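Trainee: First the structure, then my questions, so here it is.
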Amino acid sequence: MPRWIKFLLALVLGLASGLIYGWLISPVEYVDTTPEILSMDYRADYVLMAAEIYASSLDPEPAARALALLSSLPPAFTAAEALAYAQASGYTQSDILLLQDLTSALQTWQPGVSP
Amino acid sequence: MTRGHQWLELALGLLFGLSLGMVIAWWIAPNARMDLSPAALRADYKDEYRLLVASAYAATSDLGRAQTRLSLLRDNEGPVQSLLDQVLRLRSGQAQSNIFPDASEQPVYALALLANALQQSDNAPTPGPSDTTTPVISLPTATFAPFALVSQETACDAALPEGLGRIQVRDAGGQPLAGVEILVSWEGGQQRLFTGLKPELGNGYADFVMAPGTFYSVQLMPSSTPVASLIAPECDAEDGAVFLGGILLVFEQP
């Protein structure tokens, strides 16, 4: 067998081993991250918590501040994104209603203006 | 070429491939299925997340959901201790909330409320009047001025739960103070309480249950003098039976 083929086989074997190790055995572990890179299911639950607080106080300000930690996009956009995820993922009707209410409130909310 | 050189080439190929694979797996294309859960958040963001969980609990009273959410943070010291530690950080000014920047007591109250509910769900000895009332989060501000014991009474009231240790905390003007941390210790254990978690009994009220024959010590945190050697008295009922009475401690800021 030509030498370069042996070298190539060794290279491919090493590459495969490196990928298996880095992806499966010891994958990247994120620490000290920001809420922005949470998985979508966790993001949606985060927004749901903000919606639960809003439903109790009817003050969109704390919810907007919480959502600002989650994304640099406008809070209404973040809430709408979570609402779409909740609808697609089979959240309960009551949770979807909470998210709808928060999304609606944030669409008309202006920072610094009390409800 | 010698056989030794051939082995060297193979080893180099293997090593180069391995390095390339790890660079791809760790930097260029990390595993997209990895768990980007709240456990990965930086400490200050974990505090905000914990506060959001507590505030949502204060709004909904859904303890199961709050427990599930807190478990996502995988706090080493456990959810209750993490909540109480955050209360102390907020009260001492070591931390503040971005979600509630203008409210000093609301975050403390929400965190303490959830910690108390979790302790009770773990069968911690804090019975007494039920906690079903959804509290109004509007409380006077407690400060770190030391408290003094102004009254200590035994109570032989058969209408109260047996061995009930009741604590009232007031400010210098005699107004009840919520959110004051109390450490109750006994041989082999201790329990943290917060005033104001039973608002139907007053914002400065907290209680705990004493076991018969056990000596307790009560200290208002962080620096008041402990009140030691507290024991539930034995009381005589009208029908001659003996039941376990309670105590009432009243603390005030000088």
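The values are calculated or read from the model by the stated rules, or taken from the named source; none is laboratory data. Please read these numbers as outputs of a predicted model, since none were measured by experiment. Here the Cβ is made from the backbone with ideal geometry for all residues, glycine too, and neighbour counts use every protein chain on show. Surface areas here come from the heavy atoms of the whole protein model, side chains and all, with no ligands, DNA or RNA. Shrake-Rupley method; radii C 1.70, N 1.55, O 1.52, S 1.80 Å.
Trainee: Just the number, please: carbon plus sulfur as a percent of the accessible area of chain A, 1.4 Å probe, no ligands or DNA/RNA counted.
Mentor: Values: 3790 of 6100 Å².
Carbon and sulfur: 62 percent of the exposed surface of chain A.
Trainee: Please provide three numbers in whole Å: the alpha-carbon extents of segment A:1-63 along the principal axes, with the largest listed first.
Mentor: The Cα atoms of segment A:1-63 stretch 76, 18, 16 Å along the principal axes, largest first.
Trainee: Sticking with this one: Return the calculated 222 nm mean residue ellipticity for chain A, to the nearest 500 deg cm²/dmol, obtained by summing -39500 (n - 2.57) across DSSP H runs with n ≥ 4 and dividing by the residue count. Write down the numbers at each step before the final one.
Mentor: Numbers: 5 runs with 77 residues, N = 115.
The per-residue figure over chain A is -22000 deg cm²/dmol.
Trainee: With springs only between Cα atoms under 10 Å, which of B:Gly179, B:Gly78, B:Gly196 fluctuates most in a Gaussian network model of chain B?
Mentor: So, out of B:Gly179, B:Gly78, B:Gly196, the one fluctuating most is B:Gly78.
Trainee: Further question on the same structure: With contacts defined as alpha carbon pairs under 8 Å and 6 or more residues apart, what's the relative contact order of chain B in percent? Please list the in-between numbers first.
Mentor: Numbers: 409 pairs, mean separation 44.7, N = 254.
Answer for chain B is 18 percent.
Trainee: Enter the angle in degrees (range 0 to 90, nearest 10) between the Cα long axis of helix B:3-23 and the first principal axis of the Cα atoms of chain B, meaning the one along which they spread out most.
Mentor: Computed tilt is about 40 degrees.
Trainee: Further question: For the protein assembly as shown, what is the convex hull volume of its Cα atoms per residue in Å³? The partial results should precede the final answer.
Mentor: On the way: hull volume 79.0 nm³, N = 369.
With only Cα atoms used, the protein assembly as shown gives 214 Å³ per residue.
Trainee: When all C-alpha to C-alpha distances in chain B are sorted into bins of 10 Å, what percent of pairs does each bin hold, rounded to whole numbers?
Mentor: Each 10 Å bin holds this share of Cα pairs: 6, 25, 27, 16, 8, 6, 5, 4, 2, 1, 0.
Trainee: Could you work out the helix-only [θ] at 222 nm for chain B, with each DSSP H run of four or more residues adding -39,500 (n - 2.57) and the total divided by the number of residues, to the nearest 500 deg cm²/dmol? Working shown, then result.
Mentor: Working: 5 runs with 79 residues, N = 254.
About -10500 deg cm²/dmol.
Trainee: Right, something else. Per residue, how much space in cubic angstrom lies within the convex hull of the C-alpha atoms of segment B:38-121? Walk me through the intermediate numbers first.
Mentor: Numbers: hull volume 6.8 nm³, N = 84.
Measuring per residue, one finds 81 Å³ for the Cα hull of segment B:38-121.
Trainee: For chain A, with the dipole built from +1 on Lys and Arg beta-carbon atoms and -1 on Asp and Glu ones, taken about the Cα centre, which of A:Ala10, A:Ser104, A:Ser56 lies farthest toward the positive end?
Mentor: It is A:Ala10.
Trainee: What FRET efficiency comes out for the pair B:Ser229/A:Gln93, r = Cβ-Cβ distance, R0 = 56 Å, nearest 0.05?
Mentor: Working: r = 56 Å, r/R0 = 1.01.
E(calc), rounded to 0.05, equals 0.50.
Trainee: Counting only Cα, what are the radius of gyration and maximum Cα-Cα distance Dmax of segment A:1-112, in Å?
Mentor: 22.4, 76
Trainee: Please give the per residue accessible area of the protein assembly as shown, computed with a probe of 1.4 Å over protein heavy atoms only, in Å².
Mentor: Details: 18430 Å² over 369 residues.
The answer is 50 Å² per residue.
Trainee: Only loop residues by DSSP count here, and only those with at most 14 other Cβ atoms within 10 Å; note down the GluC sites (Glu not before Pro) in segment B:158-230 that meet that. Walk me through the numbers before you get to the answer.
Mentor: Values: sites: B:Glu162, B:Glu181, B:Glu187, B:Glu200; in loops: B:Glu162, B:Glu187.
Here the GluC sites (Glu not before Pro) that fit, given the DSSP loop and packing criteria, are B:Glu187.
Trainee: Report the residue, chosen from B:Glu77, B:Glu48, B:Glu105, that carries the largest GNM mean-square fluctuation when chain B is represented by alpha-carbon nodes joined by springs under 10 Å.
Mentor: B:Glu77
Trainee: Counting only protein heavy atoms and a 1.4 Å probe, tell me what percentage of chain B's accessible area is made up of carbon and sulfur. The partial results should precede the final answer.
Mentor: Working: 6640 of 12340 Å².
Roughly 54 percent of what the probe reaches on chain B is carbon or sulfur.
Trainee: Determine ³J(HN,Hα), in whole Hz, for all residues of segment B:62-75 in sequence, where each value follows from phi through the Karplus function 6.51 cos²θ - 1.76 cosθ + 1.60 and θ = phi - 60°; x replaces Gly and Pro.
Mentor: Ordered by residue, 3J(HN,Hα) equals 8, 5, x, 5, 5, 4, 4, 5, 5, 5, 5, 7, 6, 5 Hz.
Trainee: Estimate for me the total accessible surface buried between chains B and A (protein heavy atoms, probe 1.4 Å, no ligands or nucleic acids), in Å² to the nearest 100. Numbers along the way, then the final one.
Mentor: On the way: alone 14240 and 8040 Å², together 18430 Å².
Buried area (both sides, nearest 100 Å²): 3800 Å².
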